[in-house]
Every structure is written in C-alpha cells, then in structure tokens.
Amino acid sequence: MTGAILAIALAATAVTAAAAAEMKGKIYYLVPTLLDEFQTGSIDAITKFMGDVGYEVVSLDGQNRTDLQLSQIDDVINLKPAAVILAAVDFDAAKTGIEKMRAAGIPVMIFDRQITSTPSDFTSVAGTIEIGHVAADEITRLLTEKNGSAKGKVLQILGDPGDPYTLEIQQGFEEKMADNGDVTIITHPAMQWEATNAGTIAQDQLLTNPDIDLIFVHAAHLAVAVAAVLEAQGKKPGEIMLVSSNGAPVGLDLIRKGWEQVEVEQPMVAQAAALAMFADKVINGEEIKPGTYDVTGLESVVTIEEWGPNIKIPGAAITKDNVDDVKFWGNMKPPTDPVMSVE
C-alpha cells in the first residue's frame with residue numbers, strides 16, 4: 001500500500017483474523033469530503049452493509065479536492081481491490097478515473113452523485129424527481145390546512161443551479177404543483193449552496209412579497225439560514241411555513257423547534273444498502289435485471305441506462321409526528337438491520 005493511501009485511509013471494517021479470512025474481498029470507498037454528516041454517515045452505512053454481504057471497506061477522504069481524488073484512484077488501481085465505490089468530487093473529472101479503473105478490471109459502483117458521461121457497473125442514487133413530488137404533496141397539504149385549499153405563495157430556494165440534484169428536485173416539484181393553479185411559485189438559486197445566499201434571498205423576497213405563505217429550500221442547511229431570517233423579523237415558528245429536503249440533523253432540529261414543518265429525506269441509508277445488495281452481482285460480472293426491488297422497505301426501481309444499471313430510491317416525508325424515528329439518517333443512529341445479496 002502506498003504512503004499516500006496510508007495517510008488518508010479513514011476506516012476499515014473491524015474484523016478478527018478469522019473473520020477477515022472469510023471476507024470476499026476489499027472495497028475502497030472514495031468519499032468526496034467529510035465536512036457534513038451525510039458523508040460521514042455514509043461511511044458507517046456502507047461499511048456496515050458491505051460487511052453484511054462479506055466485504056471489507058476502506059474509506060478515503062478526497063477533501064473536496066479533485067486532484068487528490070484522482071490521485072487516490074491511481075493508487076487504488078495498483079491495489080487491485082474487488083471493487084471501488086465512488087462519490088465524485090467533480091462529475092466531469094471523475095470520467096477519466098472511472099474509465100481507468102474499469103480498464104484495469106476493477107468494477108466501479110457510483111454512490112449518490114450520478115455520473116452519466118461514461119459507463120460504470122452500478123449506480124445508487126436518490127430519486128430526486130420523486131423527492132420533488134413528495135415535497136409538492138406535503139406543501140399542497142400544508143397550504144390546504146392553512147388556507148382552506150391549495151392556494152398561496154411559495155418561495156422556492158434552489159441550491160446551485162449547476163447541480164443536477166437541485167434541478168431535478170425543482171423539476172419534480174414544479175410538475176406536481178402544476179395542477180395547483182392558485183399557487184404562485186417564486187424561484188431563486190442559492191449559488192454554491194451557500195446558506196448566506198439563501199438567507200439573503202429570503203430577506204429580500206419577504207420585503208417584496210410579504211404575503212409568502214411557505215418557503216421551500218432544497219437542503220436543510222439552507223433552512224437554518226432562512227429560519228434565522230424569520231426569527232430576526234419577529235416571526236413566530238410556523239407563521240411562515242418552511243419545508244426542506246435532504247434530511248440532515250439540522251433540519252430535524254428545526255422540525256422539533258417548530259420552525260420547519262416537513263423535511264423530505266434523501267435516503268442515504270437505503271442508497272448504501274442498495275450497493276451491498278447488488279455487490280456480488282457487480283463484482284462477479286452477473287446480469288442485473290431491471291425492475292422493482294425492496295431496499296430497506298422503500299420501493300426502488302432499477303433501470304438499465306446508457307451508463308449502466310441504475311437504482312433510484314425515493315425519499316420519505318419527516319414531520320413532527322415521526323421526526324425521532326431512528327430509520328432517518330439525520331438522527332445519526334447507525335443502521336442495525338442486515339441486508340442480503342440479491343439472488
């Protein structure tokens with residue numbers, strides 16, 4: 001193992017010598033960054049689920065640097081692992097690395113950050129359009145409860161418009177809301193996903209549109225900035241409703257405090273479980289059949305795309321009634337239920 005790998009190896013499954021002998025092989029998980037709970041939680045989930053199906057996991061932190069992640073790819077190729085799981089720092093730059101690994105005979109599984117520019121062996125992502133659909137259903141419910149019918153004014157704050165994650169949530173949300181002709185949607189992007197940008201948008205729009213009923217942001221950290229603006233303006237929790245997507249701990253805390261009414265979860269735990277469910281087929285070069293699969297209780301769909309087999313996993317709505325459920329990754333409880341390989 002190279003010095004670079006030794007310096008940045010974060011975690012490997014803790015196993016006894018006897019258990020290690022029974023492992024099917026080692027999988028490297030290339031993490032883009034460890035600056036948020038989603039990424040650190042994904043290490044725990046992937047390590048746990050891959051252990052369920054017989055693989056040891058070593059995770060490497062890309063520190064949000066494209067050059068470092070590409071260097072890690074070169075080092076991992078020399079180690080000849082059973083497979084690599086990649087959550088890319090940069091979608092475009094990852095293309096070359098994926099092609100190099102697959103040319104070296106190493107199967108590549110894509111986690112969370114979908115890459116369509118080149119084939120890979122399996123991709124596990126959230127159903128972002130479906131997240132938009134769930135958000136639309138919940139916002140329709142909230143507006144109806146407040147105004148007697150689905151009517152009112154919604155401020156939608158996107159993440160960075162260069163990120164397909166936010167664009168697909170917007171697509172799903174707006175296509176589902178199209179049936180609600182009495183709802184006005186005002187949309188602005190928070191560039192670079194900066195929370196301060198979201199706060200500024202909320203502040204400006206509340207001046208020009210003081211009749212806003214609800215603010216829908218595409219990530220929980222943006223909701224924190226928006227809630228701070230509402231509080232600074234003397235609003236009470238729930239006076240202007242707040243809905244977010246991704247299920248981070250800060251979003252769940254806002255629900256408990258009453259500032260946020262719904263958090264639509266990005267199903268990180270299920271996305272990790274899906275990788276493990278299909279790992280044997282990927283590593284053994286077996287056919288992955290399209291269709292519907294149960295992934296930790298979520299009805300998920302495998303399709304065969306130009307870039308390879310792709311599973312989309314829907315999110316779930318988190319409200320004050322279920323916010324403490326340990327199945328939501330934002331509660332930071334490691335998964336305990338085992339997964340099994342797909343036959």
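The values are calculated or read from the model by the stated rules, or taken from the named source; none is laboratory data. Everything quoted here is computed from the prediction, not taken from an experiment. Please note: Cβ atoms are built from the backbone with ideal geometry, for glycine as well, and neighbour counts cover all protein chains shown. Side chains are part of the model used for accessible areas, which takes the heavy atoms of the whole protein and leaves out ligands, DNA and RNA. Shrake-Rupley method; radii C 1.70, N 1.55, O 1.52, S 1.80 Å.
For the residue pairs LYS95/LYS176; LYS48/LYS289; LYS281/LYS333, the alpha carbons lie more than 31 Å apart in LYS95/LYS176. Electrostatic tally near ARG113: other residues with Cβ closer than 11 Å to its Cβ, Lys and Arg +1, Asp and Glu -1, net -3. Label-to-label distance for GLN233 and LYS333 is 3.6 nm, based on points extended 7 Å past Cα in the beta-carbon direction. Between the listed residues SER341, ALA279, ILE318, the Cα displaced farthest toward the positive end of the dipole of segment 277-343, a dipole computed from Cβ unit charges relative to the Cα centre, is found at ILE318.
Taking the Cα centre of the chain as reference, the dipole from Cβ charges on Lys and Arg (+1) and Asp and Glu (-1) amounts to some 380 debye. Near MET277: Cβ cut-off under 11 Å, other residues only, Lys/Arg at +1 and Asp/Glu at -1. The net charge is -3. Using a probe of 1.4 Å on the protein chains alone, the accessible area found for GLU175 is around 90 Å².
Rounded to the nearest whole Hz, the Karplus-based 3J(HN,Hα) values (6.51 cos²θ - 1.76 cosθ + 1.60, θ = phi - 60°) of segment 285-302 follow the sequence x, 8, 5, 9, 8, x, x, 9, 10, 8, 10, 6, x, 9, 6, 10, 10, 9, with x at glycine and proline. The antiparallel fraction among DSSP beta bridges confined to the chain stands at about 30%.
Between the residues THR123, VAL57, ASN197, the greatest Cα displacement towards the positive end of the dipole of the chain, with unit charges on the Cβ of Lys, Arg, Asp and Glu, is found for VAL57. Could you tell me which of VAL226, THR303, LEU86 has its Cα farthest along the dipole of the chain towards the positive end, charges placed at Cβ (Lys, Arg +1; Asp, Glu -1), taken about the Cα centre? It is LEU86. The shape of the chain can be summarised by an equivalent ellipsoid whose semi-axes, obtained from the alpha carbon gyration tensor, come to 38, 20, 19 Å from longest to shortest. Under a model in which nothing but the beta-carbon of Lys, Arg (+1) and Asp, Glu (-1) is charged, segment 22-158 shows a dipole of about 320 debye around its Cα centre. 3J(HN,Hα) along segment 312-328: 10, 10, x, x, 10, 7, 9, 10, 4, 6, 10, 4, 8, 5, 5, 5, 7 Hz, from the Karplus curve 6.51 cos²θ - 1.76 cosθ + 1.60 with θ = phi - 60°, whole Hz, x for Gly and Pro. Looking at the chain, the accessible area is 42 square angstrom per residue; that uses a 1.4 Å probe and ignores ligands, DNA and RNA. Can you give me the % of accessible surface on the chain that is carbon or sulfur? Probe 1.4 Å, all protein chains present, nothing else counted. After summing per-atom areas, the C and S share lands at 51 percent.
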